[in-house]
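Structure first, then comments.
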Amino acid sequence: MATIPASALANRNKKHFLGVPAPLGYVAGVGRGATGFTTRSDIGPARDANDVSDDRHAPPAAKRKKKEEEEEDDEDLNDSNYDEFTGYSGSLFSKDPYDKDDAEADAIYESIDKRMDEKRKEYREKRLKVDLEKYRQERPKIQQQFSDLKRNLVTVTEDEWQMIPEVGDSRNRKQRNPRAEKFTPLPDSILSRNMGGESSTTLDPRSGLASMVPGINTPGMLTPTGDLDLRKIGQARNTLMNVKLSQVSDSVAGQTVVDPKGYLTDLQSMIPTYGGDINDIKKARLLLKSVRETNPNHPPAWIASARLEEVTGKIQMARNLIMRGCEMNPQSEDLWLEAARLQPADTAKAVIAQAARHIPTSVRIWIKASDLEDELKAKRRVFRKALEHIPNSVRLWKAAVELENPDDARILLSRAVECCNTSVELWLALARLETYENARKVLNKARESIPTDKQIWTTAAKLEEANGNIHMVEKIIDRALVSLSANGVEINREQWFQEAIEAEKSNAVHCCQAIIKAIIGVGVEDEDRKQTWIDDADNCAKEGAYECARAVYAHALQEFPSKKSIWLRAAYFEKNHGTRESLETLLQKAVAHCPKSEILWLMGAKSKWLAGDANPNSEDIWLAAVKLESENKEYERARRLLAKARASAPTPRVMMKSAKLEWALSKLDAALGLLEEAVKVFPDYPRLWMMKGQIEEQQKKLDAAAETYSLALKKCPISIPLWLLLAKLEETRGALTKARSVLERGRLRNPKTPLLWLAAIRIEIRAGLKDMANTLMARALQECPTAGELWAEAIFLESRPQRKTKSVDALKKCEHDPHVLLAVSKLFWSEHKIQKCRDWFNRTVKIDADLGDAWAYFYKFEQQHGTEAQQEDVLQRCIAAEPKHGEEWCKVSKNIANWCYKVQDILLAVAKELKCPN
């Protein structure tokens, strides 16, 4: 073995970097963590200032991170970001940990900032609103500048709109209309070619039409050098088609397979009607085939297979399958019916005849056989044949009877009830066709055959009533309940009530009353009788069975003759659904049983009937009698009645009515005398003071009226109308400051009263001080934030562009207030939104039907934009509602000159005085 020289071994063990100069920045020992350090004896750092930093050997990511932090610190803490008042723009302590104390301090500072911001919020929002309004006034939007012009666009017709030219378009409308017919002139070359009347049968290959014929000027094909004969091309195409059709039209046996004439027409029938996946059809076929082969006696499998082929358009295959199924299952009526459906009409008859031979007891098969016949005689023959096989089928008997005339039908029904003696319908049908005597016998036999059916009994009762035997009706119903109970039939109260309602609908009034009388107490506890019977009457009224409801009330009043609530309900029922005579008859009985009931006497008085000695000291009775005499213009008798009333029942209302009658008859001095006497006896009744002051105003005694109102306010400081009357009087006298003072005192005595605020706002508006009115409105809404009267006024205090926003705010605060809804209706009216306005008016009168102003504005609106039918509808609904409140409404209704006005007269007068909103 050769030996290795020592020099070679030395070179092998020598490291490759030995003898090589150290790289730039190399520090010995840095790789293993040996670095310089400082001791106490050293004055300065152990490393020279010119030494390379340890970061030279740090990982690149750490170097980048440190460099970014230094740059960020430099940006935040350099001189350019320093201010002598606020310091550096960055955070000096961003690197310090964020502990619990820091979080608590931040929360405290944040709460302080939030509190300070809330203090400035109101001022800031107000300042922002003022600046925004000022900006809008100086620079209004385009839509605000042209809003009035846009509203006038509703009068532009469609033709005028179409005639408006486009910008920069000087052409006339006919040239710009895309729907106008356009004509394109032919080229001169075509005109010169055809002017002589000659016809061309060739095509010039140089023309553009040559490219439309296959094989002409096509690269790779033979291009003719001369003109192409189009006539020969057409003849060659027809010859080729005839040859192809001849080849397929006759087979070897000479039988025609394809009809050349109907070839194209027959192609339409080859269009598949099923749009699903063909693979699904194949899978379904295989599955159904497997089912048929596994269980051939399963009819649904055959039906499903046939319907699958029918859906895919293979009707003949479907017929073949269903017939095979019928052969395998001749006793399945579903298969035979499906086969008849799939077959044509002629073949279907044969199929259904075969089915009838196999299943002669199938009702459905015979009915299908009848449906397939066209002639009435054939249908009858089929049913008679069917009844020979199935004589106990009610369905077949009914179908057969429907095809016969009345005489033959009666004969058939006589046989039918013998075969089907448990069919109520057949017995009742036979009874309807018989005479009265025979019908009674038929129904007696029916009761013997079917003793558990109530309908036979009620039919017998109706039969007796129809023939005038009223006394038998109640006996039959009573016997019915006894017989049915004896045969174990449960007497169901609701079902018998339904029978009574049906009897009333068939005009058997006595029958329904007898049923109600017999059944009304069944299953009702003694303590629940009153409420249960009231509910029964209400339910009958809802069903429109008014006679049933009367019968319920009659029985209830017979059991509870002294119950005023039942008499009242019965009276209101007669008022709504009865006649005047029936109401008066009922009220006569009512006051006889309840002579101390004032409201019953009052209703009697309104119905022109009054028993004066029933309750002589009743204020309502006296006033009802006075009203009756006044309406009949018997004023002297009304005066005598009022004099007697003041002697026997001297109440404030009697005194007020006495004075009002004298005032209405223009006896002002007599009215004032009565009022002066009345206010001494009843000083705390404000309406007496109001009438006295108004009469003095009418006499032009303004100082006396002011004194009356002032004295009245000392006695009745919480009467809002008195404060309003005094303020209006001062304004009329020109003392605007006094009027303001009166309303201010009124608000102090009656805080949070919207009407006093509204009166103060309107005084400023009438004085032309709109800014003052806006200030008062803001204070009023702050004190009464849910007052609909104030919000309604605030909407129209705003400028037109701001009204919609204000109405939204009003609806948020008072969503169901009728005054706000009325204001929104008027807003839509001013914007000519007719349907929306009508809808909102309907909402308003539905929310509060007693607000007369809403009805008046609604009627005024319909007078302008509605039809006569719509106007009449509003008028009738207003009369039915009898409204009594509303500012504009009361101005007319409370005017003494209109004291005889009815609701219709007041509505017309108020609507005439109203102005359209703008």
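The values are calculated or read from the model by the stated rules, or taken from the named source; none is laboratory data. None of the values given here were measured: they were computed from a predicted structure. Don't worry about glycine lacking a Cβ; one is built from the backbone with ideal geometry, like all the others, and counts go over all protein chains shown. The protein model used for the area step is the full one, side chains on, heavy atoms only, and it has no ligands, DNA or RNA in it. Shrake-Rupley method; radii C 1.70, N 1.55, O 1.52, S 1.80 Å.
Whole-Hz Karplus values for segment 120-135 come out as 8, 5, 4, 5, 5, 5, 5, 5, 5, 5, 4, 5, 5, 5, 5, 5 Hz, taken residue by residue from phi with 6.51 cos²θ - 1.76 cosθ + 1.60 and θ = phi - 60°; glycine and proline positions read x.
Using a probe of 1.4 Å on the protein chains alone, the accessible area found for V291 is around 50 Å².
Candidate cross-link partners of K134 among the lysines, defined by an alpha-carbon separation under 20 Å and a same-chain spacing of 8 or more, comprise K121, K126, K770, K804, K806. Listed by chain and number, the lysines whose C-alpha is less than 26 Å from the C-alpha of K282, apart from same-chain residues fewer than 8 away, are K314.
Lysine pair count for segment 828-917 with Cα-Cα distance under 19 Å and sequence separation of 8 or more or different chains is 20. Largest accessible area first, the listed residues L811, L335 line up as L811, L335 when surface is computed with a 1.4 Å probe on the assembled protein chains. Heavy atoms of the protein chains alone define the surface here; on that basis segment 828-917 has 54 Å² accessible area per residue at 1.4 Å probe size.
Annotation: I108 carries an accessible surface of approximately 90 Å², with a 1.4 Å probe and no ligand, DNA or RNA atoms counted.
Rolling a 1.4 Å probe over the protein heavy atoms of segment 275-359, with every protein chain left in place, gives an accessible area that is 55 percent carbon and sulfur.
Placing unit charges on the Cβ atoms of the charged side chains and taking the dipole of segment 275-359 about its Cα centre, the candidate lying farthest along the positive direction among S332, I281, L342 is I281. Taking every lysine pair in segment 373-446 that is 8 or more places apart or spans two chains, those with Cα atoms closer than 23 Å amount to 6. In a simple Cβ point-charge model (Lys, Arg +1; Asp, Glu -1; nothing else charged), segment 98-154 has a dipole of about 920 debye relative to its Cα centre.
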